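Worksheet for the structure shown next.
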Amino acid sequence: MSAHDKKLAYVEQVGLYFEGVGLTRVAGRVIGWLLVCDPPHQQQAELVEALGASKSSISVALKDLTGLYLVERFSRPGDRRTYYRTAKDMWSRSFRARMHQLAELRQLAERGLSLLDGEAEVDRKRLLFMRDMNAFMEERFPALLDEWDAIKTAKGYDEL
């Protein structure tokens, strides 16, 4: 298997992963390609060619990915073309952007618990678990991300 074929196989694995977490497979394939392509930025037409996908599906994927801050759109001075690359620190930004979900899940659990106020604890246990786990993550996760930021800087990942 050639190096290019190995990259495409990897791109498919990334596509399947992201499809499994709610994005389209094409969006996942775009992320996968942008992680391994050379140069690390591509025009939309290059993505269409590399991934063998339609222009419209790549366009929709790029719109979704830029909206999620996973891919960024940019141009160069004096160059009218538009390029795409993985967003700087896309992984940390993605986790930070989802922090509100922990609070929302905790609040949903609290609303559910208020519906079962006065019920036996055995009947409330699933909601108690939901509330307590999300409250724990809501409290602890920011410190974990801050710790990662320090590691990221020490390893020189800020320059990616």
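About the Cα centre, and with charges only on the beta carbon of Lys, Arg (+1) and Asp, Glu (-1), how big is the dipole of the chain? Nearest 20 debye, please.
560
Between helix 121-154 and the chain there is an angle of about 40 degrees, using the helix long axis and the longest principal axis of the Cα atoms. Remark: the L68-M99 segment gains 9.8 nm on full extension, using 0.36 nm per residue and subtracting the alpha carbon distance. Compared with the dominant Cα axis of the chain, that is its longest principal axis, helix 25-36 is turned about 60°.
Any chance you could run the full-extension gain for V36 through S114? It's 0.36 nm times the residue separation minus the Cα-Cα distance, nm to one decimal. 23.1 nm is the gain from fully extending V36 to S114. Diagonalising the gyration tensor over the Cα atoms of the chain and scaling each eigenvalue by 5 before taking the square root yields semi-axes of 39, 19, 15 Å, largest first.
We did not get these values from a lab; they are worked out from the coordinates using the rules stated. None of these values were measured; they are calculated from a predicted model. Reconstructed Cβ throughout: ideal geometry from the backbone, glycine too, with neighbour counts over all protein chains shown.
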